[in-house]
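**Q** Got a structure here, written out as structure tokens. Questions coming.
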Amino acid sequence: EKGGYEHFMLKEMYEQPKAVSDTFSPRIKNGEIVIEELNMSEEDIKKIRKITIVACGSAYHTGVTAKYVFEGMARIPVEVDVASEFRYRNPILEEDTLVIVISQSGETADTLAALREAQKRGAKVLGIVNVVGSSIAREADSVMHTWAGPEIAVATTKAYSAQLIALYLLATKFAGVRGQITGDEQKEILDDIQRLPVQIERLLENKKNIQKFANRYLAADQVFFIGRGIDYGISMEGSLKLKEISYIHSEAYAAGELKHGTISLIEEGTLVVSVSTQKDLYKKMISNMEEVRTRGAFVMAVSVEGNLEVEKAADYVLYIPKTNKYLMNSLAIIPLQLFGYYIAVGKGADVDKPRNLAKSVTVE
Ligand code: F6R
């Protein structure tokens, strides 16, 4: 059933091009974004004054990226919260706030409770859900399914990638309807979205090199991931992938926060993974890389083809191909998933079923 792959996680990473394409294909018709299940008229979309995104774990991380995409592209203010916090903090939900809950399983107890809490306060809830017929899919006011197919490995990969696509489509749709992007810009974004599956496939082909690199860090006791903007969201997910399956302690930091405490943890040889996919932030990231490197860090950089500057500030560079700046997460996460995976494999960990974790967290 693993189809010749050593682990479900590896199989599911390889299913990402299909999960991504199955999630966008039915929703792009003649160059337009059609999301019938959204049940919102153009008037409704224009009326949204705020979006509140609620989820747990990796699904929360897609929400962090989505904040930058909705705000940057559609100019709608976004608040993102983890479900276990949202449900108990007496959230302020005004009329014209759209609540989006994101969940692979559709059964996560805190996310389901957050959905109910939002509905109780009169908000309409859109669910982005993978499992058809799950509790969240049944109770949300509207549901946009991610079509990733069943996910078995505890560490999510293909559902995460499909969630990003659903969020990009929504943000692009909203941006178009609200006049924040032109028809041509929308067309370019859609072309770029449609190119992602092939680009992801190419990135997966680099697995041998990443495995070789990962094998050098099996004994690491801590790893830091740094990024800014969308790259901060990617860093959070890269860090979770590594720690949950390899048991190496890792943290993600907004790169500008390093100076406020974390940099004191950098020692000779500490691995710092720097994610820099946003051109307008390249320079800032290069100075952060130099900062940790002068303190002895070994810097692995994930950046975009053509950013040669990064080679001066990093010890090891993994490039991703160019795409629209809002879509970079879909590409940059691939080497980070592979990195976490191969560290866990190298350590002989139970990759598909890490200790203490359950695939679907149905208790709070
Ligand atoms: C990490 C992981 C978890 C889930 C989280 C939410 O790899 O899988 O962090 O993302 O438990 O689960 P769902 O999406 O089912 O609500």
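**Q** When you scan segment 119-138, how many residues do you find that are out of contact with any helix residue (DSSP H, G or I) (no Cβ under 8 Å at 6 or more places or on another chain) and of a type in the set (A, V, I, L, M)?
**A** Final tally of qualifying residues: 3.
**Q** Identify the residue in segment 68-92 that is in contact (Cβ under 8 Å) with a residue 60 or more places away in the chain and part of a helix (DSSP H, G or I) and, among all such residues, is surrounded by the most Cβ atoms within 10 Å (Cβ to Cβ). Steps first, answer last, please.
**A** Keep residues of segment 68-92 that are in contact (Cβ under 8 Å) with a residue 60 or more places away in the chain, which gives 68-70, 72-76, 84.
After this cut, where a residue has to be part of a helix (DSSP H, G or I) as well, the list is 68-70, 72-74, 84.
Numbers: TYR68: 21, VAL69: 26, PHE70: 28, GLY72: 15, MET73: 23, ALA74: 23, SER84: 19.
Going through the qualifying residues, I end up with PHE70.
**Q** A further question follows. Can you tell me which of ILE181, ILE152, ILE226 is out of contact with any Phe, Trp or Tyr (no Cβ under 6 Å at 6 or more places or on another chain) and touching a residue at least 12 places away in the same chain (Cβ under 8 Å)?
**A** Numbers: ILE152 fails: out of contact with any Phe, Trp or Tyr (no Cβ under 6 Å at 6 or more places or on another chain); ILE226 fails: out of contact with any Phe, Trp or Tyr (no Cβ under 6 Å at 6 or more places or on another chain).
The match here is ILE181.
**Q** Of everything in segment 84-118 that's at pLDDT 95 or above and acidic (Asp, Glu), which residue is farthest from the ligand (Cβ to nearest atom)?
**A** Among them, the one singled out is GLU117.
**Q** Does segment 119-127 contain at least one residue that is within 13 Å of the ligand (Cβ to nearest atom) and either touching a residue at least 12 places away in the same chain (Cβ under 8 Å) or of a type outside the set (A, V, I, L, M, F, W, C) (or both)?
**A** Taking segment 119-127 as the starting set, the residues that turn out to be within 13 Å of the ligand (Cβ to nearest atom) are 127.
Narrowing further to those that are either touching a residue at least 12 places away in the same chain (Cβ under 8 Å) or of a type outside the set (A, V, I, L, M, F, W, C) (or both): 127.
So far as segment 119-127 goes, yes, one or more of its residues are within 13 Å of the ligand (Cβ to nearest atom) and either touching a residue at least 12 places away in the same chain (Cβ under 8 Å) or of a type outside the set (A, V, I, L, M, F, W, C) (or both).
**Q** Answer with yes or no whether ALA344 is of a type in the set (Gly, Ala, Ser) and away from the ligand (no atom under 16 Å from the Cβ). It would help to see each step written out before you state the result.
**A** Numbers: of a type in the set (Gly, Ala, Ser): yes; away from the ligand (no atom under 16 Å from the Cβ): no.
So ALA344 fails the test.
**Q** Could I ask something else about it? Identify the single condition in (1) out of contact with any Pro (no Cβ under 9 Å at 6 or more places or on another chain); (2) open to solvent by less than 70 Å² (accessible area, probe 1.4 Å); (3) away from the ligand (no atom under 16 Å from the Cβ) that LEU318 does not satisfy, given that it satisfies every other one.
**A** Single failed check for LEU318: (1).
**Q** Scan segment 172-217 for residues that are among the charged types (D, E, K, R) and within 30 Å of ILE248 (Cα to Cα) and jot them down. Let's see the steps before the verdict.
**A** First, the residues of segment 172-217 that are among the charged types (D, E, K, R): 173, 178, 184-185, 187-188, 191-192, 195, 201-202, 205, 207-208, 212, 216.
Of everything in segment 172-217, those that are among the charged types (D, E, K, R) and within 30 Å of ILE248 (Cα to Cα) turn out to be GLU201, ARG202, GLU205, LYS207, LYS208, LYS212, ARG216.
Per-residue answers, yes or no, for (1) buried (at least 22 other Cβ atoms within 10 Å of the Cβ); (2) touching a Leu at 6+ places or on another chain (Cβ under 9 Å); (3) in a helix (DSSP H, G or I); (4) modelled with pLDDT under 95:
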{"residue": "TYR160", "(1), (2), (3), (4)": "yes, no, yes, no"}
{"residue": "GLN163", "(1), (2), (3), (4)": "yes, no, yes, no"}
{"residue": "ALA166", "(1), (2), (3), (4)": "yes, no, yes, no"}
{"residue": "LYS173", "(1), (2), (3), (4)": "no, yes, yes, no"}
{"residue": "GLN194", "(1), (2), (3), (4)": "no, no, yes, no"}
{"residue": "PRO197", "(1), (2), (3), (4)": "no, no, yes, no"}
{"residue": "ASN209", "(1), (2), (3), (4)": "no, yes, yes, no"}
{"residue": "ALA214", "(1), (2), (3), (4)": "yes, yes, yes, no"}
{"residue": "LEU240", "(1), (2), (3), (4)": "yes, no, yes, no"}
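**Q** Taking the stated definitions as given, is PRO150 in a helix (DSSP H, G or I) and either on the phi < 0 side of the Ramachandran plot or open to solvent by 20 Å² or more (accessible area, probe 1.4 Å) (or both)? Write out each step before concluding.
**A** Numbers: in a helix (DSSP H, G or I): no; either on the phi < 0 side of the Ramachandran plot or open to solvent by 20 Å² or more (accessible area, probe 1.4 Å) (or both): yes.
Spelling it out, it is not the case that PRO150 is in a helix (DSSP H, G or I) and either on the phi < 0 side of the Ramachandran plot or open to solvent by 20 Å² or more (accessible area, probe 1.4 Å) (or both).
**Q** Can you tell me how many residues within segment 97-140 are in a loop (DSSP other than H, G, I, E, B), in contact with a strand residue (DSSP E or B) (Cβ under 7 Å, 6 or more places away or on another chain) and open to solvent by 20 Å² or more (accessible area, probe 1.4 Å)?
**A** Adding up the residues that qualify gives 1.
**Q** Quick one: in segment 34-67, which of the residues that are β-branched (Val, Ile, Thr), in contact (Cβ under 8 Å) with a residue 60 or more places away in the chain and away from the ligand (no atom under 14 Å from the Cβ) is nearest to GLU117 (Cα to Cα)? Can you show your working first?
**A** So the first thing to find is which residues in segment 34-67 are β-branched (Val, Ile, Thr), and the list is 34-35, 45, 48, 51-54, 62, 64-65.
In the following step, the residues that additionally are in contact (Cβ under 8 Å) with a residue 60 or more places away in the chain were identified as 35, 45, 48, 52, 54, 62, 64-65.
Still in the list and also away from the ligand (no atom under 14 Å from the Cβ): 35, 45, 48, 52.
Numbers: ILE35: 25, ILE45: 22, ILE48: 19, THR52: 13 Å.
Only one residue tops the list, namely THR52.
**Q** Being open to solvent by 10 Å² or more (accessible area, probe 1.4 Å) and either acidic (Asp, Glu) or not in a loop (DSSP other than H, G, I, E, B) (or both): is that true of GLU12 here?
**A** Against the criterion (open to solvent by 10 Å² or more (accessible area, probe 1.4 Å) and either acidic (Asp, Glu) or not in a loop (DSSP other than H, G, I, E, B) (or both)), GLU12 does not qualify.
This table checks each residue for (1) in contact (Cβ under 8 Å) with a residue 24 or more places away in the chain; (2) under 16 Å from GLY229 (Cβ atoms); (3) of a type in the set (A, V, I, L, M).
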| position | (1), (2), (3) |
| --- | --- |
| LYS259 | yes, no, no |
| ILE263 | yes, no, yes |
| GLN278 | yes, yes, no |
| PHE298 | yes, no, no |
| VAL304 | yes, yes, yes |
| LEU308 | no, no, yes |
| LYS312 | yes, no, no |
| ILE320 | yes, yes, yes |
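The values are calculated or read from the model by the stated rules, or taken from the named source; none is laboratory data. Everything numeric in this text was worked out from a predicted model, so none of it was measured. Ideal geometry is used to build each Cβ from the backbone, glycine not excepted, and the neighbour counts take in all protein chains shown. Side chains included, ligands, DNA and RNA excluded: accessible areas come from the protein's heavy atoms. Shrake-Rupley method; radii C 1.70, N 1.55, O 1.52, S 1.80 Å.
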